[in-house]
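Shown next, in structure tokens, is the structure this report addresses.
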Amino acid sequence: DAGVIQSPRHEVTEMGQEVTLRCKPISGHNSLFWYRQTMMRGLELLIYFNNNVPIDDSGMPEDRFSAKMPNASFSTLKIQPSEPRDSAVYFCASSFLGGGTNEKLFFGSGTQLSVL
Amino acid sequence: AQKVTQAQTEISVVEKEDVTLDCVYETRDTTYYLFWYKQPPSGELVFLIRRNSFDEQNEISGRYSWNFQKSTSSFNFTITASQVVDSAVYFCALSEFSTGNQFYFGTGTSLTVIP
């Protein structure tokens with residue numbers, strides 16, 4: 001089975017540029033999460049979707065960040081304009097919520113973002 | 001307030017020693033789920049275990065064991081006879097039924113096993 005697929009694996013960009021991170025969740029999963037990991041703050045939840053609808057975006061740092069999930073098999077996280085402090089590893093994860101149970105998160109391999 | 005606390009930031013042990021990673025959680029829900037994930041140096045997050053709040057039985061999987069105690073709100077993880085390949089960052093996480101599918105992660109414990 002294909003796991004959660006993220007692209008690109010690595011992204012190096014200059015300050016001010018737009019960055020788009022992509023995620024394909026596991027087929028059949030109805031929840032999708034975007035996390036950011038830094039040494040200082042650990043794993044931070046940015047936003048999560050349930051059935052393609054954003055449920056909680058309180059973790060999105062500021063208006064420069066936006067996330068979309070146009071269908072059940074694709075999501076994007078966009079940063080515009082990017083800043084050096086956005087440098088981090090961004091993880092996408094998916095799971096299935098239903099039947100009164102919270103299943104485990106399956107994580108993608110992450111995107112290592114460096115903003116110069 | 002932190003929902004998941006991993007007080008140990010870094011631990012170093014010598015190979016073959018046993019080591020316990022602590023996890024304390026906070027919730028008002030009666031239905032919740034606890035998880036442990038491993039993040040090796042390669043960076044991916046690997047699922048280790050999921051436990052629901054109604055099942056307090058301890059679990060053993062090879063050299064790994066988990067001790068779930070609701071009375072102390074703890075879900076500790078023990079590695080017996082540690083090996084160098086166990087070197088990683090370990091995360092404990094909580095998911096509450098009442099908040100849908102929210103996952104709360106601890107700050108992680110970095111384990112180094114010295115050969």
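The values are calculated or read from the model by the stated rules, or taken from the named source; none is laboratory data. If you're wondering where the values come from, they're calculated on a predicted model, not measured in any experiment. Glycine gets a Cβ as well: all are built from the backbone with ideal geometry, and neighbour counts include every protein chain shown.
Within region B:50-63, restricting attention to residues that are part of a strand (DSSP E or B) and within 12 Å of chain A (Cβ to nearest Cβ), which residue is surrounded by the most Cβ atoms within 10 Å (Cβ to Cβ)?
In this case the residue turns out to be B:R51.
Could you tell me how many of the residues in region A:29-58 are of a type outside the set (G, A, S) and over 20 Å from B:V89 (Cα atoms)?
The qualifying residues number 16.
Name the one entry in B:F47, B:F77 that is in contact (Cβ under 8 Å) with a residue 24 or more places away in the chain, under 26 Å from A:F96 (Cβ atoms) and in a strand (DSSP E or B).
B:F77
Right, B:R28: of a type in the set (K, R) and either within 14 Å of chain A (Cβ to nearest Cβ) or crowded, with 18+ Cβ neighbours inside 10 Å (or both) or not?
No: the conditions fail for B:R28.
Under the condition of being of a type in the set (G, A, S) and more than 7 Å from chain B (Cβ to nearest Cβ), which residue from region A:76-99 is farthest from B:Q39 (Cα to Cα)? Before you say what the answer is, go through the steps one by one.
Here is the first cut: in region A:76-99, the ones of a type in the set (G, A, S) are A:82, A:87-88, A:93-95, A:98-99.
Those left that are additionally more than 7 Å from chain B (Cβ to nearest Cβ): A:82, A:87-88, A:93-94, A:98-99.
Numbers: A:S82: 27, A:S87: 19, A:A88: 15, A:A93: 14, A:S94: 17, A:G98: 27, A:G99: 29 Å.
The extreme case among them is A:G99.
I'm trying to understand the selection: among the residues of region B:84-115, which are under 15 Å from B:L21 (Cβ atoms) and assigned to a loop (DSSP other than H, G, I, E, B)?
Within region B:84-115, B:S87, B:G106, B:T107, B:G108 qualify.
All but one of (1) crowded, with 19+ Cβ neighbours inside 10 Å; (2) in contact with a Lys or Arg (Cβ under 6 Å, 6 or more places away or on another chain); (3) hydrophobic (A, V, I, L, M, F, W, C) hold for B:W66; which doesn't?
Only one criterion is unmet by B:W66, namely (2).
Quick check on region B:95-111. Is at least one of its residues within 15 Å of the chain's Cα centre (by Cα), surrounded by 13 or more Cβ atoms within 10 Å (Cβ to Cβ) and away from chain A (no Cβ under 12 Å)?
The answer is yes; a qualifying residue exists.
Which members of region A:98-116 meet the condition of being surrounded by 16 or more Cβ atoms within 10 Å (Cβ to Cβ) and either within 17 Å of A:G3 (Cα to Cα) or of a type in the set (V, I, T) (or both)?
Initial filter on region A:98-116 (surrounded by 16 or more Cβ atoms within 10 Å (Cβ to Cβ)): A:102-113, A:115.
If the condition is that a residue be surrounded by 16 or more Cβ atoms within 10 Å (Cβ to Cβ) and either within 17 Å of A:G3 (Cα to Cα) or of a type in the set (V, I, T) (or both), then A:E103, A:K104, A:L105, A:F106, A:F107, A:G108, A:S109, A:G110, A:T111, A:V115 are the ones that fit.
I'd like to know if region B:71-92 contains one or more residues that are over 16 Å from the mean Cα position of the chain (by Cα), at pLDDT 90 or above and at positive phi.
Applying the first criterion (over 16 Å from the mean Cα position of the chain (by Cα)) to region B:71-92 yields B:71, B:81, B:83-85.
From the residues that got through so far, the ones that are at pLDDT 90 or above too are B:71, B:81, B:83-85.
Adding the requirement that they be at positive phi leaves B:81.
The answer is yes; a qualifying residue exists.
Look through region B:1-25, keep the residues that are exposed (fewer than 12 other Cβ atoms within 10 Å of the Cβ) and in a strand (DSSP E or B), and return whichever of them is nearest to the other protein chains (Cβ to nearest Cβ).
Restricting to residues being exposed (fewer than 12 other Cβ atoms within 10 Å of the Cβ) and in a strand (DSSP E or B), the top hit is B:E10.
Only residues in region A:46-68 that are within 14 Å of another protein chain (Cβ to nearest Cβ) and within 15 Å of A:S94 (Cβ to Cβ) count as the first member; pair them with residues that are surrounded by 15 or more Cβ atoms within 10 Å (Cβ to Cβ) and polar (S, T, N, Q), Cβ under 7 angstrom, at least 6 apart or cross-chain, and list the lot.
Going by the 7 Å Cβ cut-off, the qualifying pairs are A:Y48/A:S31; A:Y48/B:N101; A:F49/A:S31; A:F49/A:S75; A:N50/A:N30; A:N50/A:S31; A:N50/B:N101; A:N51/A:N30.
If I ask for residues that are more than 18 Å from A:I5 (Cα to Cα) and more than 9 Å from chain B (Cβ to nearest Cβ), which ones from region A:34-45 would you list?
A:T38, A:M39, A:M40
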